[in-house]
Structure formats: structure tokens, C-alpha cells
Amino acid sequence: MFESYMNGMEPHSQHIARSGSKSITGTMFGILVRRGLIDPESLVTRYLPELQATAYRGATVQHLLDMTAGATLKGLWYVPNNDYFNYVVATGYFGPPEGHPDAPADIWQAILRITEPEAPHGARFKYFDPKIDVLALLWQIVSGEGSAAVGTTDWGRLR
């Protein structure tokens with residue numbers, strides 16, 4: 001076995017899970033549904049009313065799980081002050097941008113800036129990381145615990 005860290009990464013650096021996070025989050029949401037903690041047919045804003053002023057208004061939890069919520073990142077990741085740039089900055093993917101004081105402080109602030117949907121909710125599939133971030137926030141609110149705790153409680157018994 002071999003382990004290597006490049007480009008300033010270290011063993012305890014935060015890593016971006018990307019597609020892996022989508023599979024794990026979807027599976028773990030099944031646990032929350034089974035526990036009766038969340039209704040997939042409910043509007044996202046039932047749990048996160050702060051999203052009423054965003055592109056997520058009118059979307060259901062199921063839309064997020066199916067990747068059919070109409071929210072998207074507009075703009076280009078390398079052009080400052082658009083949805084995509086703000087999200088990439090908030091994830092820490094490129095570190096803090098020099099000379100961009102209006103960049104969001106965290107992922108939640110970037111999500112709140114996504115205000116116009118690209119398509120009606122449920123109209124089309126679009127593989128999109130911020131949808132998973134919204135699900136992660138829902139997860140914490142309805143379960144009262146983070147993803148590691150849910151995984152430990154339910155998957156820890158699979159040893």
C-alpha cells in the first residue's frame with residue numbers, strides 16, 4: 001500500500017470527496033427516512049426556511065436526492081463574483097482568493113447566493129455538488145448529528 005500527498009496536502013487536510021459524497025449521502029438519507037426523521041416529498045424549505053429566497057424554493061427533498069432540483073451554478077469557476085466562483089471559493093478548493101473581499105465565507109453563504117433556478121424542479125437531472133451540501137445541512141438539522149455520527153450508529157454494527 002502507498003500513500004502520497006501533493007500540492008500542499010497533508011494527511012489531515014480537508015479533502016473534497018466529490019462523487020463519493022453523493023452515493024454516501026443518498027444511502028444515509030435512506031436511514032433518516034426509515035427513522036421517520038424526514039419526508040422526501042416535503043419541500044426543502046420546510047426544514048431550511050432560509051432557502052426560500054434561493055433557487056431551492058419549491059424543491060422537494062426528493063428533487064435533491066434525484067439531482068433534479070433546478071438550482072445550478074451560473075458562471076465560470078475562474079471568473080470572480082458569480083455563483084460558480086463563489087461556490088468553489090467557499091469549498092476551499094483554491095484557497096482564499098486575493099483581492100475578492102465579497103467571496104462567501106463558507107458553503108452555506110455560497111448556497112444562499114444561488115437565487116435563480118436554471119430549470120423547473122423535477123424537469124431534468126443535473127449532477128451538482130451544492131445539492132449534496134444542502135442535503136448535508138438537512139441531515140444535520142433533522143438528525144441532530146453530523147454524518148459521521150449517523151454512519152457510526154448505523155454502519156458501525158456492520159463489522
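What follows is calculated from the coordinates using simple rules that are stated; it is not laboratory data. Fair warning: this is a prediction, and the values are worked out from it, not measured in the lab. In this analysis, Cβ positions are derived from the backbone assuming ideal geometry, glycine residues included, and neighbour counts consider all displayed protein chains.
Where does the chain land at 222 nm, in deg cm²/dmol rounded to the nearest 500, when only DSSP H runs of n ≥ 4 count, each adding -39500 (n - 2.57), divided by all residues? Mind showing how you got there, number by number?
On the way: 7 runs with 65 residues, N = 159.
Mean residue ellipticity, 222 nm, calculated: -11500 deg cm²/dmol.
Positive end of the charge dipole of the chain (Lys, Arg +1 and Asp, Glu -1 on Cβ, about the Cα centre): tell me which of 110, 37, 52 has its Cα farthest that way.
Sorting the options by dipole projection puts first 37.
Which residue, 133, 106, 83, tops the fluctuation ranking in a GNM of the chain built on C-alpha contacts under 10 Å?
Sorting by GNM fluctuation, first place goes to 106.
With the chain treated as a Gaussian network of Cα nodes joined by springs under 10 Å, which of 149, 105, 119 yields the largest mean-square fluctuation?
Maximum fluctuation in the GNM of the chain, among the listed residues, is at 149.
At 0.692 mPa s and 37 °C, plugging the Kirkwood radius over alpha-carbon pairs of segment 73-113 into Stokes-Einstein gives what diffusion coefficient in µm²/s? Write out the running numbers ahead of the final one.
Working: Rh = 9.7 Å.
D = 339 µm²/s.
Mind sorting 108, 139 by how few other Cβ atoms lie within 10 Å of their own Cβ, fewest first? Let's see the in-between values first.
Values: 108 14, 139 23.
Ordered by Cβ neighbours within 10 Å, fewest first: 108, 139.
Please name which of 123, 134, 21 has its Cα lying farthest along the dipole of the chain towards the positive end, using unit charges on Cβ (Lys, Arg +1; Asp, Glu -1) and the Cα centre as origin.
My answer, from the dipole projection, is 123.
Quick one: plug the Kirkwood hydrodynamic radius of the chain (C-alpha pairs) into Stokes-Einstein at 37 °C, 0.692 mPa s, and report D in µm²/s. Walk me through the numbers before you get to the answer.
Numbers: Rh = 16.8 Å.
It comes out at roughly 195 µm²/s.
Relative contact order for the chain: what percent, with Cα pairs under 8 Å and sequence separation of 6 or more? Let's see the in-between values first.
Working: 189 pairs, mean separation 38.7, N = 159.
Rounded, it is 24 percent for the chain.
Please arrange 61, 79, 142 by how many other C-beta atoms lie within 10 Å of their C-beta, fewest to most.
Values: 61 24, 79 9, 142 18.
So the residues, fewest neighbours to most, are 79, 142, 61.
Among 85, 94, 128, which one shows the biggest mean-square fluctuation in a GNM of the chain, springs joining Cα atoms closer than 10 Å?
94
Can you give the charge dipole size of the chain about its Cα centre, rounded to the nearest 20 debye, using +1 on the beta carbon of Lys and Arg and -1 on the beta carbon of Asp and Glu? Spell out each step's value before the answer.
Numbers: 13 positive and 16 negative charges, 109 e Å.
Here the size comes out at about 520 debye.
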